[in-house]
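Here the structure comes first, spelled out in structure tokens, and everything after it is commentary.
The values are calculated or read from the model by the stated rules, or taken from the named source; none is laboratory data. Since this is a predicted model, take the numbers as computed values, not measurements. Every residue, glycine among them, receives a Cβ derived from its backbone with ideal geometry; neighbour counts consider all protein chains shown. SASA here: full protein model, heavy atoms, side chains in, ligands and nucleic acids out. Shrake-Rupley method; radii C 1.70, N 1.55, O 1.52, S 1.80 Å.
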Amino acid sequence: MQIVRRGAEPKQLALSTAVGLTLGVFPICGTTVVLCGVAIAILGDRCNAPTTMLFNFVATPIELSLIVPFLRLGELVCGGPHFALTPDAFKKVITGHASKEVLFSILHAILGWLIATPFMLVLLYMIFLPCFKLLAQRFGTVPSSPTKQIFSHADIKLKLLPP
């Protein structure tokens, strides 16, 4: 609510939320914070960093539940063999004795995520934009248009000049 009260744009918040959730479900655990940091650096002022990081962390349980669907989508697209998810395969990954099959399954999961990403991003943006517009109308205290000037250039010059 503080972000909305400080005058963040609904479009900026919707994009930040969509980016945070989309990158937050990347199928390699532990890499999403870095991905969000890179996205924040690339998007600059179009992105609200605290919102992106918050929704990145909110996406963690979803990330774990989407690894297998991303894997299966990647296998489907590549026509690769169905990777059996067994405790033995997980043990090999943890101990560093991963076979070629495991490495290909990771690549398939990343491919599945890459295919789903544009759809997730657009859908989440479309869902969150009306929500943040409503929140901005109800709780926003600063004008929601960046084109409105709060101070004129003359006011700023007067404050900067010594008396």
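For residue 11, the aspartates and glutamates whose Cα falls under 12 Å of its own Cα, not counting residues fewer than eight places away in the same chain, are 45. 3J(HN,Hα) along segment 33-48, derived from phi through the Karplus expression 6.51 cos²θ - 1.76 cosθ + 1.60 where θ = phi - 60°, amounts to 5, 5, 4, 5, x, 5, 5, 4, 5, 6, 6, x, 6, 6, 10, 9 Hz, with x in place of Gly and Pro.
Averaged over its residues, segment 1-82 has an accessible area of 51 Å² per residue, based on protein heavy atoms and a 1.4 Å probe. Among 21-32, 110-121, the peptide with the highest mean count of other Cβ atoms within 10 Å heads the list, and the full ranking is 21-32, 110-121. Under a model in which nothing but the beta-carbon of Lys, Arg (+1) and Asp, Glu (-1) is charged, segment 19-95 shows a dipole of about 80 debye around its Cα centre.
Surface composition of segment 9-99: carbon and sulfur make up 73 percent of the accessible area, probe 1.4 Å.
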